[in-house]
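The numbers here are math on the coordinates, done by the rules we state, and not lab data. Fair warning: this is a prediction, and the values are worked out from it, not measured in the lab. Cβ placement follows ideal geometry from the backbone for every residue including glycine, while neighbour counts extend to all protein chains displayed.
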Amino acid sequence: MGEIKLMKGNEALAEAMIREGCDAYFGYPITPQSEVLEYLSIDAHKRTGMVVLQSESEVSAINMVYGAAAAGKRVMTTSSSPGMSLMQEGISYIASAELPCVLANVMRGGPGLGTIQPSQGDYFQSVKGGGHGDYHMIVLAPSSVQEMVNYVGLGFELAEKYRTPVMLLADGAIGQMMEKVELPDQKPRKTVFPDWATTGKIAGKPRRYITSLNIKPEEMEKINHILQNKYAEITKNEVRYVTKNIEDAEYIFTGFGLGARICTKAMEIAREKGYKVGMIRPQTVWPFPTEIYNKTSKNLKGILCVEMNAGQMVEDVKLSVNGQCPVEFYGRTGGMLPSPDEIIEKFEECFIKGGK
Amino acid sequence: MTEEAIFAGFGGQGVLSMGMMLAYAGMIENKEVCWMPSYGPEMRGGTANCTIIVSDKPVSSPIVSTYDSVVALNQPSLEKFESKVKPGGVIIIEKSTVPVLPTRTDITTYVVNGNEEALKLKNLKVLNMIILGAFLAARKTVSPENLVKALYKALPERHHKLIPLNEEAIRIGMNFIK
């Protein structure tokens with residue numbers, strides 16, 4: 001068993017990065033994730049030799065990630081909502097160039113410069129493609145400090161397996177709160193690099209060349225086909241979710257990240273009141289766990305989706321359920337959090353008190 | 001056992017570190033813990049609070065609607081959180097900074113003369129440990145011995161010389177609760 005510590009989500013994320021043998025971190029501070037860069041600045045370089053660099057902006061951070069990933073290095077950046085918006089162009093380039101990297105968005109209230117309080121308003125941006133063109137990222141939604149740690153390791157594993165950017169979609173609360181966490185053992189940094197990495201021209205071998213520009217549409221369409229085949233493969237293999245109490249459930253509460261944690265509390269209260277409520281929590285929001293919703297909803301009286309936004313994941317839930325049971329939504333926006341009591345109230349209003 | 005508490009007061013009174021020490025102590029007792037600070041505009045405006053949950057079971061949500069106990073170290077905090085205490089729950093207030101007492105009769109209120117006692121110890125910074133001592137006596141969330149262990153674990157070594165004073169403060173706080 002690994003070392004157990006009490007840590008803030010942001011600090012745990014940074015510690016996991018060091019222990020997973022990350023070669024480089026580029027980032028620009030923004031609340032509520034500034035602790036990541038702060039923590040790495042203390043002694044990450046001394047411990048593993050990894051590069052930790054505060055760039056002059058988020059645009060340069062993501063392009064530094066692009067460069068390091070092209071050289072075959074394990075590389076990460078983190079930001080929060082407005083900063084992540086600035087990175088979208090770079091993410092599209094990285095996805096097109098098929099490079100592995102891990103990004104974390106510790107979301108805050110938007111739109112615009114918004115607030116610094118926790119939010120889940122960037123679901124669409126992360127899951128539906130915030131940058132241009134037909135690409136996807138694998139999007140992992142941590143709901144605890146422990147998952148902040150676990151998903152760094154998993155993120156690199158998936159990113160390298162599929163040569164694709166992976167996003168950790170967290171929020172300000174997960175970043176700021178402290179929980180007990182088991183840390184992985186220190187892994188060595190990589191010494192062998194993949195055969196596509198641009199590590200310098202070797203005499204007698206062809207040049208390696210990484211770009212997202214293909215001026216001929218015939219070529220670009222081929223690249224699109226490669227990407228789409230890869231996304232189909234990921235959708236087949238990498239769906240992750242957890243369920244609770246769904247065996248006898250008449251209703252399901254669902255949400256991701258912190259929203260799901262609050263739902264779990266609401267489910268406990270609902271069970272005490274005698275309502276048969278279960279839970280589905282996607283751990284990957286892309287690829288989305290469509291099948292479990294589709295299978296479960298056949299026997300349900302209703303689903304309540306709770307998010308810290310105006311209703312984003314609920315669209316994917318509805319597509320998955322495909323009309324087999326009613327799907328209702330409750331959300332708070334701008335950095336406000338839904339409380340367990342509000343969820344129960346909404347649930348009773350929709351499904352119990354002569355609801356639909 | 002699950003204790004869902006909120007500690008609230010002015011910035012500088014040590015409410016955040018008070019919650020953090022309780023979380024460390026809970027961890028020493030192999031309990032599940034969650035500490036969630038306010039970090040937003042309220043913090044920048046001078047008031048601070050943290051939710052702290054200590055439980056035998058995994059903590060479902062760091063966000064709760066009602067609390068088993070509220071510690072209020074200023075009047076606005078009491079006004080904000082009095083209505084959020086579960087019936088049968090507890091409010092602990094500091095005498096000099098909370099002049100107007102809670103009005104609810106379905107909860108227990110403890111008034112702790114924290115600032116005066118801290119002055120007697122010639123260190124106003126131990127106010128939070130006096131209050132935390134009172135909290136432990138009232139709620140028995142963790143043992144005071146493990147709280148002291150938590151201080152040794154969480155504080156950097158250069159501050160360890162102050163721990164005996166903090167132990168004294170915890171003991172004084174506990175004596176307020178009969």
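So the values come out like this:
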item: Exposure proxy ranking, count of Cβ atoms within 10 Å, fewest first, for B:Ser17, A:Ser320; result: B:Ser17, A:Ser320
item: Virtual spin-label span in nm between B:Arg171 and A:Asn224, 7 Å along Cα→Cβ; result: 7.7 nm
item: Modelled FRET efficiency - R0 45 Å, A:Lys236 with B:Lys84, Cβ distances, 0.05 increments; result: 0.45
item: Inter-chain shielding of B:25-35 (mean C-beta neighbours from other protein chains, 10 Å cut-off); result: 3
item: Anisotropy class of segment B:2-175 from Cα gyration tensor, a/c 1.5 cut; result: rounded
item: Mean Cα-pair separation over length for segment A:115-175, i.e. relative contact order, pairs under 8 Å, 6 or more apart, %; result: 42 percent
item: Cut-off 11 Å between beta-carbons: net charge of the residues surrounding B:Met27, Lys and Arg +1, Asp and Glu -1; result: +2
item: Value of relative contact order over chain B, rounded to a whole percent, pairs C-alpha under 8 Å and six or more apart; result: 22 percent
item: Per-residue Cβ neighbour rank within 10 angstrom, fewest leading, B:Asp56, B:Asp68, A:Asp122; result: B:Asp56, B:Asp68, A:Asp122
item: Compactness of segment A:255-315, expressed as Rg and Dmax over alpha-carbon positions, Å; result: 11.8, 34
item: Approximate spin-label separation A:Lys295-A:Ser41, in nm, with each point projected 7 Å along Cα-to-Cβ; result: 4.8 nm
item: For segment A:1-145: rounded, prolate or oblate by the Cα gyration tensor [a/c cutoff 1.5]; result: oblate
item: Using a Förster distance of 25 Å, the FRET efficiency for A:Asp248-A:Leu319 (Cβ separation, nearest 0.05); result: 0.45
item: Spacing of the two label points (7 Å from each Cα toward its C-beta) at B:Asn123 and B:Thr105, in nm; result: 4.3 nm
item: Packing-based exposure ordering (other Cβ within 10 Å, fewest first) of A:Ser60, A:Ser85; result: A:Ser60, A:Ser85
item: Percentage of interatomic Cα-Cα distances in the protein assembly as shown larger than 43 Å; result: 23 percent
item: Under 16 Å from the B:Ser96 label point (7 Å along Cα→beta-carbon), backbone N, segment B:127-149; result: B:127-131
item: Distant-in-sequence amide H partners of B:Gly89 (H built 1.01 Å from N, under 5 Å); result: B:Thr108
item: Total formal charge among the other residues, if their Cβ is under 13 angstrom from that of A:Ala68, Lys/Arg +1 and Asp/Glu -1; result: +3
item: Local electrostatic count at A:Tyr39 - Lys and Arg +1, Asp and Glu -1, tallied over other residues with Cβ under 10 Å; result: -4
item: Rounded FRET efficiency, nearest 0.05, which uses the C-beta distance separating B:Met1 from A:Glu342 and R0 of 41 Å; result: 0.95
item: For segment A:241-352: rounded, prolate or oblate by the Cα gyration tensor [a/c cutoff 1.5]; result: rounded
item: Rounded to the nearest 20 debye, dipole of chain A from Cβ charges on Lys, Arg, Asp, Glu; result: 700 debye
item: Relative contact order (%) - chain A, alpha-carbon pairs under 8 angstrom, separation at least six; result: 18 percent
